[in-house]
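Here, each number is a calculation from the coordinates, and none is a lab measurement. Everything numeric in this text was worked out from a predicted model, so none of it was measured. So basically every Cβ, Gly included, is an ideal-geometry build from the backbone, and we count neighbours across all protein chains shown.
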Amino acid sequence: MPPSVAAPASVPAIPILPYSRVVGQDDLKLALELNFIAPGIGGVLITGRRGTAKSTIVRAFALMARGELPVTLPINATDDRVLGGWELDALMRGEAREQSGLLEEAHEKGLLYIDEVNLLDDHLVNIILDVVSTGVLSVQREGIATARHLSFGLVGTMNPEEGGLRPQLLDRFGLMVTAAELDTEARHRMIMTVLAFDEELARSESPWRAEAEQENAALRSALLAARAALPRVDVPEAVSMLCAECAGRFSAVGHRGELVTAQAARALAALEGAERTEPRHVRQVLPFALRHRRPEATHGGTFAWGPDDDARVDDLFG
């Protein structure tokens, strides 16, 4: 069972656009929500060019879902900062006192955010993904020998123009989505929304902000209800077979693809309040689960998902 999520007493006054008012990026938002509902999915990797609001959406989601910003892993993070180590000030005084790392802090707050994950040292990314997968942080270094049970959501962002991830690391992220370029109409709505938000920040009482917070609270309640209902959502054998057939059609590398497809489809069904997972749920989450597991993607190709990809499985969905 996933860990419970305590309701925040109040949302802090942090100047970040409310999640409910984010314009567009429906796939990105849905992937974050599915990963929250079903933590076993194993995290979300968001790719996109700079300026596509990746970081803003992740932080807005964390505020909406948990009432606080995510723990953010800096690019230059050391092993001590990530895994924990000895307090340097205490060592200077001749005292041996352990200091918690960012992964334990993420366990307390619920979400770890890695910006520009493709620029982080591979060995640290591997350690983090292992903890997400196993739920155990084992530290054996410099006189420290501990094993702790940790659980937290994981979100990574990257700009593919600045380099990629090794295929082994790509595969460890459950879902992958691309931050979309907005069309002209959506760009206009985004401008008007941000301008309205900037104006409301200067006001001590803001109906606009209060309404947005009510929308956030309603969405959070829906996500928590879906998370609680998830174990009761049926996955018929025909649907699980469909997941396997889709992975086969794309020659998905490894077997995480079909499993994550089933988990994400089940989470989507729970979000919709359905009692069983249906083929349409599989169809909707398929790009999230398989786009980074196709052979062409693992060898440095594109992560784009287009009509040709849909055509590969059209006949499976009638």
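Laid out as a table, the results:
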| item | result |
| --- | --- |
| Pair-distance profile P(r), taking every C-alpha pair of the stretch 170-263, with 10 angstrom steps and integer % | 12, 22, 27, 23, 13, 3 |
| Full-stretch length increase - Asp310, Ala218 - with 0.36 nm per residue and alpha-carbon distance subtracted | 29.8 nm |
| FRET efficiency estimate (nearest 0.05) - Cβ-Cβ, Arg280 to Ser204, R0 45 angstrom | 0.45 |
| Among 119-128, 54-63, the order from most to least packed when residues are scored by Cβ within 10 Å on average | 54-63, 119-128 |
| Segments 153-164, 217-228 sorted - mean Cβ within 10 Å per residue, highest first | 153-164, 217-228 |
| Distance from the stretch 150-219 to the stretch 272-318 (C-alpha centre basis), Å | 22 |
| Tail weight of P(r) past 35 Å, computed on alpha-carbon pairs of the chain, percent | 23 |
| Pair Glu162, Leu182: separation of 7 Å Cα→Cβ label points (nm) | 2.1 |
| The stretch 207-256 - Rg (one decimal) and Dmax (whole number), Cα, Å | 18.4, 51 |
| Surrounding net charge for Glu68, when Lys and Arg each add one and Asp and Glu each subtract one, Cβ distance under 14 Å | +2 |
| Per-residue [θ]222 nm for the chain (sum of -39500 (n - 2.57) over DSSP H runs n ≥ 4, rounded to 500) | -15000 deg cm²/dmol |
| Length-normalised contact order of the stretch 130-255 in % [C-alpha pairs under 8 Å, at least 6 apart] | 9 |
| The stretch 231-312: C-alpha gyration tensor shape, a/c 1.5 cut-off, then a/b vs b/c | prolate |
| Difference of contour (0.36 nm per residue) and Cα-Cα distance, Arg232 to Arg249 | 3.2 nm |
| Rounded to whole Hz, the Karplus (6.51, -1.76, 1.60) HN-Hα couplings of the stretch 195-212, x for glycine and proline | 4, 5, 5, 4, 5, 6, 4, 7, 9, 6, 10, 10, x, 4, 5, 4, 5, 4 |
| Nearest-0.05 FRET efficiency for Glu272 and Leu195, computed from C-beta distance (R0 35 Å) | 0.55 |
| Burial ranking of peptide ranges 197-210, 101-114 (average Cβ count within 10 Å, highest at the top) | 101-114, 197-210 |
| Extension reserve of the Glu211-Asp79 stretch, reckoned as 0.36 nm per residue once the Cα distance is removed | 43.3 nm |
| Within the chain, percent of DSSP bridges classed antiparallel, to nearest 5 | 35 |
| Relative contact order of the chain, defined on C-alpha pairs under 8 angstrom at six or more residues apart (%) | 22 |
